[in-house]
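The values are calculated or read from the model by the stated rules, or taken from the named source; none is laboratory data. Just so you know, these numbers come straight off a predicted model, no measurement behind them. Every residue, glycine as well, gets a Cβ built from its backbone with ideal geometry; the counts of neighbours run over all protein chains shown. In case anyone asks, the SASA skips ligands and DNA or RNA and just uses the protein heavy atoms, side chains included. Shrake-Rupley method; radii C 1.70, N 1.55, O 1.52, S 1.80 Å.
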Amino acid sequence: MYNNITYSIVVPLYNEELVIDESYSRLKNVMDTTCENYEIIFINDGSYDSTREKAESICEKDKNIKLINFSRNFGHQCAITAGMENTKGAAVIVIDADLQDPPEVMLDMIKKWKEGYDVVYGQRSKREGESFFKKFTAKSFYRLLKSMTNVDIPVDTGDFRLIDRKVCNTLNSLPERNRYVRGLVSWVGYKQTSVEFERKERFAGESKYPLKKMMKLALDGITSFSYKPLIMSGYIGGLSLFIGIFSMIADIVKHLMTKTSIINFGFIIALDLSMFGITLTCMSIIGQYIGRIFDESRERPNYIIESIITNENLSKKHECVK
Ligand code: UDP
Ligand code: MG
């Protein structure tokens, strides 16, 4: 691998055996046109298909590739964090493996970087080949997050972006866990701009972001950048107290006027249930924050690297076998 690297491309991989070869060749073709030194960092996030073997064989034939194998699946955000912490380039580009982010757009990002921008994020003008549910939830989430936080996190942007070395170093120095990387990039500031692109259909395979992972990412985004849910839980509590007192007064007035029984069983049960629901909702909002404080206090690492494989150490391994 070269010492003076201009571009580091970070590619997270989780069970991407159907995609990795095509992804590598598209990335290589695009990066070769820059005629500058580059490295591609594959982060194998605990894949249990043949992604690792395929990535190793790419490493074997290309000295610009580095493969980082995690000891298990730590998640997309940890994978890109590890990638950024293991790069040397003057500019770092994070891109998904499935070719939904077209590698050719990296050239537009590079152009903007050369104009002097420190962060160039890809903004999706259109999303192809994704379900209505995915598009709807993503669109709503980005807008909800924007309305909740003081940090200007641009809507419809994922982690496909170029960051300058100094931005990468700043991000690497942030110790927090449960990272919402795209939010952190907005938070650190510097000179930022966007390039628009059409998000394509996945080249092959299925999304590795099931609803559970999407919910975790959304909660990380909200809890990392907003206290509003905590404040809202106070409002919900106040509202439920008001409804409770109001309905009790209404029952007493009704009793005094009609002389009917004050004990209205159905009403009390309904009121009780809604109070209980509201209390639990508020507790769970508070729990989300406490859980994350607990994560921070444990100071566990964000990920564990099992091995780092490069063309160099692969050839050494082969020499030893001989
Ligand atoms: N990914 C990962 N770890 C995970 C889930 C996903 O490294 O636990 C990678 C995945 O291989 C892909 C990128 O993160 O390169 C984005 O995932 P995916 O395309 O499945 O997400 P979607 O585009 O459906 O939101
Ligand atoms: Mg994808």
- Taking the DSSP beta bridges in the chain as the whole, what percent of them are antiparallel, to the nearest 5? 35
- Query: Within the set LYS28/LYS88; LYS28/LYS216; LYS63/LYS213, which residue pairs have Cα atoms separated by over 24 Å?
  - Reply: LYS28/LYS216; LYS63/LYS213
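Counting only protein heavy atoms, what percent of the accessible surface of the chain is carbon or sulfur at a 1.4 Å probe? Numbers along the way, then the final one.
Values: 10370 of 16870 Å².
After summing per-atom areas, the C and S share lands at 61 percent.
Please identify the DSSP H helices in the chain that span no less than 18 Å along the helix axis (Cα) and have a mean Kyte-Doolittle hydropathy of -1.0 or more. Mind showing how you got there, number by number?
Working: long enough: 132-148 (24 Å, -0.07); 211-225 (21 Å, 0.48); 228-258 (44 Å, 1.21); 265-298 (48 Å, 0.96).
For the chain, where a helix must reach 18 Å along its axis and average at least -1.0, the hits are 132-148, 211-225, 228-258, 265-298.
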- Query: Heavy-atom accessible area of PHE265 with all protein chains present, probe 1.4 Å, nearest 10 Å²?
  - Reply: 150
- Item | Solvent-accessible surface (1.4 angstrom probe) belonging to GLU206, in square angstrom, nearest 10 | 140
- Under 12 Å from the Cα of LYS61, which aspartates and glutamates turn up, not counting those fewer than eight places away in the same chain? GLU312
- Task: Evaluate the charge dipole of the stretch 93-142 about its Cα centre and quote only its size in Debye, nearest 20, assuming +1 on the Cβ of each Lys and Arg and -1 on the Cβ of each Asp and Glu.
- Result: 260
- Per residue solvent-accessible surface (Å²) - the chain, probe of 1.4 Å: 52
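What's the local net charge at ASP220, with K and R +1, D and E -1, over the other residues with C-beta under 11 Å away? Present the calculation step by step, with values, prior to reporting the outcome.
On the way: positive: ARG177, ARG179, ARG182, LYS213, LYS216, ARG292; negative: GLU176, ASP295.
Here the count lands on +4.
Please report, in debye to the nearest 20, how large the charge dipole of the chain is about its Cα centre when each Lys and Arg carries +1 at its beta carbon and each Asp and Glu carries -1 there. Numbers along the way, then the final one.
Values: 43 positive and 41 negative charges, 165 e Å.
For this selection, approximately 800 debye.
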- Partner aspartates and glutamates for LYS166 [C-alpha distance under 13 Å; skip if fewer than 8 residues away on the same chain]: GLU85, ASP118
- Query: Roughly how many whole Å is it from the C-alpha centroid of the stretch 28-79 to that of the stretch 175-196?
  - Reply: 23
